[in-house]
Amino acid sequence: MAQFNRKSHWMYFILMVLLIGLISGCTATKPTGEVTPMEDVTRVAFVYNGPIGDYGWIYAHEQGRKYLEENLSGIETTYVESVPEGPEAERVIRDFAVKKYDLIFTTTHGFGDATLAVAKDFPDVKFEHCTGYDIADNSGVYFGRMYQARFLTGLVAGKMTETNKIGYVAAYPIPQVVRGINAFTLGVLTANPNATVYVIWTDTWFNTVLEREASESLVQSGIDVLAQHTNSSEPMKVAEESGIWGIGYNTDMSAMAPTAQLTSAIWTWGPFYVKQVEAVKNGTWTSERYWGGLDDGIIGLAPYNQAVPQEVKDLVDQWHATISTKEWDVFDGPLYGQDGRLVLAEGQRFDDAYLLNDMDWFVKGIVGDAGELPEAVKP
């Protein structure tokens, strides 16, 4: 009889545990506070092509995702990091669509084809592709006019160099990268017409070994300021170790280069992510090509190194104000190609389509190869 009671007791205990687990499994949760099972939760996914700890491009997007969580209720966010471009990217994006996420952000140029392919098969899911060109009814593209911030950092570099030799570690010779190098160089030459910018390509967005090798090669060539368009902080670490100045990118990299970094051209994605998710929540989201600038805060500069003189800061403020009026922009003529030939006459301006898709040549003042300057360039 006693043995029977013990068995009954344990069976009752097991049944209670199973019941509690079943009830717990039916409760909705999210990272941003309590959610009841009846609450309407908007689910948002982010697909990253690198690690969130890169302190560069992906790190900046991850800070934007965290900002979204902290500033908008009724949402659930998730991410996958270090996703290769190509078939694996499409698999990850499609998996989120199958799981009925409401909005999927794909955060690198090389995810464009995969994003559109999945969007075509899931018309009820919204997609946003960063740095992309093509849109669909349920898929928009977004970016910032980082070339404007690049111009401002070029002013700083041009004023701070003593050797008049400035290095630039760059990922791929595609329009968004070439555009940034050109804008940076135009800023350098505005501040210091005697300076030259030397470019080395890594042919990768994120590779600490290759970025370090390129940076060290530039240092050995005699540069005294180093800038970058790659996704790790390795170039700024090399600048710190080498006792030269650095211009960071994506985020404030002063933690890695406290003595070297003069400033960084930085992204602030959070407010844009809040705006887009709010639009999905209230049913007002529409597919668009967003390209914000200095005037709306998606791009900007990190705090200055204390070594930057006030007169340099004042120069940057002056040009910041000029650009923000939209009466003048970085690629207004006259512009000269790498070979010294006039490319764009005074009073003319390249339109956005040209800047986004066709700027694959270098301006005057750059040593490096980006491609052959076209015979005729029209604004």
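The values are calculated or read from the model by the stated rules, or taken from the named source; none is laboratory data. Note that the structure is a prediction, hence the values are computed from the model and not measured. Cβ: placed from backbone, ideal geometry, glycine included. Neighbour counts: every protein chain shown.
A few remarks follow.
- Checking D113, D124, D134 one by one, the residue that is at pLDDT below 95 and within 30 Å of P84 (Cβ to Cβ) is D134 and no other.
To keep it simple, each residue is scored yes or no on (1) polar (S, T, N, Q); (2) out of contact with any Asp or Glu (no Cβ under 6 Å at 6 or more places or on another chain).
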site	(1), (2)
E70	no, yes
E76	no, yes
G110	no, no
H129	no, yes
A149	no, yes
T153	yes, yes
G167	no, yes
L186	no, yes
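- Condition met for N182 (closer than 21 Å to G50 by Cβ and not hydroxyl-bearing (S, T, Y)): no
- Yes/no for V274 being surrounded by fewer than 19 Cβ atoms within 10 Å (Cβ to Cβ), touching a helix residue (DSSP H, G or I) at 6+ places or on another chain (Cβ under 6 Å) and at negative phi: yes
- Residues within the range 205-224 that are touching a Leu at 6+ places or on another chain (Cβ under 9 Å) and over 20 Å from Y172 (Cβ atoms), tallied: 1
- Residue within the range 52-73 that is in contact with a Phe, Trp or Tyr (Cβ under 8 Å, 6 or more places away or on another chain), in the same structural domain as D137 (by TED's automatic domain parsing), in a helix (DSSP H, G or I) and over 20 Å from F143 (Cα atoms) present: no
- Subset of the range 239-254 that is among the hydrophobic types (A, V, I, L, M, F, W, C) and in contact (Cβ under 8 Å) with a residue 60 or more places away in the chain - its residue that is farthest from I58 (Cα to Cα): W245
- Taking the criterion of being part of a loop (DSSP other than H, G, I, E, B) and either more than 24 Å from I135 (Cβ to Cβ) or in contact with a strand residue (DSSP E or B) (Cβ under 9 Å, 6 or more places away or on another chain) (or both), the residues of the range 272-299 that qualify are W285, T286, S287, E288, G293, I298.
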